[in-house]
1. I'm trying to understand the selection: among the residues of region 142-186, which are surrounded by fewer than 18 Cβ atoms within 10 Å (Cβ to Cβ), at pLDDT 90 or above and touching an Asp or Glu at 6+ places or on another chain (Cβ under 9 Å)?
2. Only one of G538, G510 is at positive phi and surrounded by 13 or more Cβ atoms within 10 Å (Cβ to Cβ). Can you tell me which?
3. Answer yes or no as to whether R44 is modelled with pLDDT of 90 or more, basic (K, R) and not assigned by TED's automatic domain parsing to the domain that holds E358.
4. Considering A690, A676, which residue is outside any loop (DSSP other than H, G, I, E, B) and touching a residue at least 60 places away in the same chain (Cβ under 8 Å)?
5. Looking for something of a type in the set (D, E), assigned to a strand (DSSP E or B), buried (at least 18 other Cβ atoms within 10 Å of the Cβ) and touching a Lys or Arg at 6+ places or on another chain (Cβ under 7 Å) - is there at least one such residue anywhere in region 619-628?
6. Residue by residue through region 418-453, note down the ones that are in a strand (DSSP E or B) and polar (S, T, N, Q).
7. Looking only at region 629-649, count how many residues are part of a strand (DSSP E or B), among the aliphatic types (A, V, I, L, M) and either without any contact (Cβ under 8 Å) to a residue 60 or more places away in the chain or closer than 17 Å to E748 by Cβ (or both).
8. Tell me the residue from K603, K584 that is exposed (fewer than 14 other Cβ atoms within 10 Å of the Cβ), assigned to a loop (DSSP other than H, G, I, E, B) and modelled with pLDDT of 85 or more, please.
Amino acid sequence: MTEEANTNISQKEQDEQMISAAFQKLLDTYLATNHRKKVDIITRAFNLAKKAHEGVRRRSGEPYILHPIAVAQIAVEEIGLGSTSICAALLHDVEEDTEYTNDDLKNLFGPKIANIVEGLTKISGGIFGDRASLQAETFKKLLLTMSDDIRVILIKMCDRLHNMRTLSSMQPSKQYKIAGETLYIYAPLADRLGLNKIKSELEDLSFRYEHPQEYHNIEQLLSTTQQERSDSFDNFVPPIRKIMEEMGLKYRIIQRVKTPYSIWRKMQEKHVAFEEIYDILAIRIIFTPESKAKEVNNCFNIYSELTKIYSPHPRRFRDWLSSPKANGYQALHNTFMSAQGKWIEVQIRSERMNDIAERGFAAHWKYKDKDLSHEESQFDTWLDSIKEILDDPQPDTLDLLDRIKLNLFSKEILVITPKGEFKRMPQDSTILDFAFSIHSFLGTHCFGAKVNQKLEPLNYRLKSGDQVEILTSKTQHVNPEWLNFVKTAKARSKIEVALRHQNREKMKEGEKMLNDFLTEKNAEINFANIDKLRKFHGFNSRDELYLAIGRGELKMNDDDIDAIYGNRRNKGWRKYVPFIGKKKVVPAAPVASDFMASLNKKKTLLLDEAALEHCTISTCCHPIPGDDALGYITPENKLEIHKRQCPVATKLKTRYGNNIIATKWADHYTQDFETAIHIKGVDTKGTLYAIADMLHNQKSVNLNRIDFEAHDGIFEGAIHCLVHDTEEVKQICQSLLKIESLEEVYREEK
């Protein structure tokens, strides 16, 4: 036997050992749960998947079958799902990647497992494939199946989590694409499903690949401050243990450390340094209640005893017992002052609450009573809202992801109806959102509301505790401007349906008016003539032409007859006022330049000064050298440079991931980049002179302008300047902070 054959046998044996060990671990984890022990069907699913994926390897080089085993392991170990879900996880890629059909799976494993696998099977090219319409269609299919069986989306979460854990084998541009999808839709979806651990890990992994240096820096800072947090925990907890012992409750106390992504987000939003994040450490008291009936009372009793030993913060009390979060989360939170003079957050929850907090709605099945629980009914309400979005036969499915994203709000308020009923709404909801959430008729005919007995307009932003009485009128109709301020997906969807209905009526009127005009002028009514008029007026479709006529935006005259017969196509009044009735025609994509033709999506593009001559720096986020950036190839075949955390870039990664290019800034630049530095401070004599003097000493900085406003002794504004890179911005900020009267200095995120 040759040496090569020996190597192959050895590799095959190694693969078999890895596969057997992974599957045995899966079985051991499953057998340790309280689920019924259906090992036979799980083994059959494993054997079929192993055979179907035989000889196939992942990009990392490992046998492909290890991926479905890992997905099944996450499903049982981290969410607590049973045999049906394990089988579906093991088989989730079989229908898509092999010759087995859904009918084969139905015959072998029954309709439940086959339907879940069908829901997980991508339509074509992946959920976010080459054609943007397919990504939305496949996601729509996933959500439709989810509304019939929630296990579809739970297994999809497991699949996404394992893909993120193994993302290092992908090229950078693919990493940004997948991380962008994850942050935009999957992490919020996990949060909405109550999968807190999975949500946190998805966010951290996305952060790690999109901003590796920031992730590494925060990890290091967490490591160096670990002893300080341990000391705080050790000093804070003993008195709590004493009162828990006196209450006679079985309990455990653990410390929760804020994740790197959460810390980074707070640093970005609050414009503060790591050292100024005060809630990195939280104490979690998890107890077993005396009985189910006394669970809530036990929580409040523990809180009451805590206030006797530590002073609570007057404004940070959170009661999610009386009003749980939409994802089922229940707990009492407040921040207490330690003996060392530090604020420390304390979370009080039962073992049941903790299980639901970590595993989400899957954990409800363990505690399910005959009566539908409050949390489950909240979940059903959310599912119904998803169904409403999916039922809307909107022609452009590209907007679907944005619609679903709107329904994944994590911050909520409670609004009260005139009858005293509490209704959960996303933060920043308007009166119009509230009206549509109750009934479509109320929304379409709403002209305002009485909020706490005071009249308010449609775009009024509701606050938690507001009591709202919707006011309607039969003469009120849907207005396109409403789309500029509504927050919820339901309101947006219903408004667009109404507008489309209105447009259809106007189109019919326009078509009749056009036909009457052509009849009057003895012109033949056919598509050829109508298309000549469409092109003459610059519309992309006949419907646009009909709509413009129906709305009165376009008046037909003899020039239109000339356009049909070719006598005076460019004569008449139109050549003097060509903008009337005109619509912008989308230009064809230009021929690729040599630079664009040379781009390789698989490689990282070096953004040196030569490359930047062919790129466009996006105005939505104004990236400069030193920022984590990426490139996006536009439909016009140009390359736009965005910050990786830019909201526009996040949408582009999600919608058009295959047009994303990894980029890296060169080391040195002579050219300037625009940026703005926010400043705020006490309005004292000499402050402006001190700022001007400091900027004068920064020889490399070109100043564009300074905008300041002062009110009640406080001034705020921005310095607009041209810099070479982020290091230069940091130097300016550090120098400005040395001015005594300045309190806040940071680069503005546009």
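The values are calculated or read from the model by the stated rules, or taken from the named source; none is laboratory data. All of these numbers come straight from a predicted model, not from anything done at the bench. Methodologically, a virtual Cβ is constructed for each residue, glycine included, from the backbone with ideal geometry; neighbour enumeration extends over all protein chains shown.
1. Correct list: R165, T166.
2. Values: G510 fails: at positive phi.
So the residue among G538, G510 that is at positive phi and surrounded by 13 or more Cβ atoms within 10 Å (Cβ to Cβ) is G538.
3. Judged against the criteria, R44 is a match.
4. Numbers: A690 fails: touching a residue at least 60 places away in the same chain (Cβ under 8 Å).
Answer to the check: A676.
5. Among the residues of region 619-628, at least one is of a type in the set (D, E), assigned to a strand (DSSP E or B), buried (at least 18 other Cβ atoms within 10 Å of the Cβ) and touching a Lys or Arg at 6+ places or on another chain (Cβ under 7 Å), which makes the answer yes.
6. Applying the first criterion (in a strand (DSSP E or B)) to region 418-453 yields 422-426, 430, 446-451.
Passing the criteria: only T430.
7. Final tally of qualifying residues: 4.
8. Selected residue: K603, the only one of K603, K584 that is exposed (fewer than 14 other Cβ atoms within 10 Å of the Cβ), assigned to a loop (DSSP other than H, G, I, E, B) and modelled with pLDDT of 85 or more.
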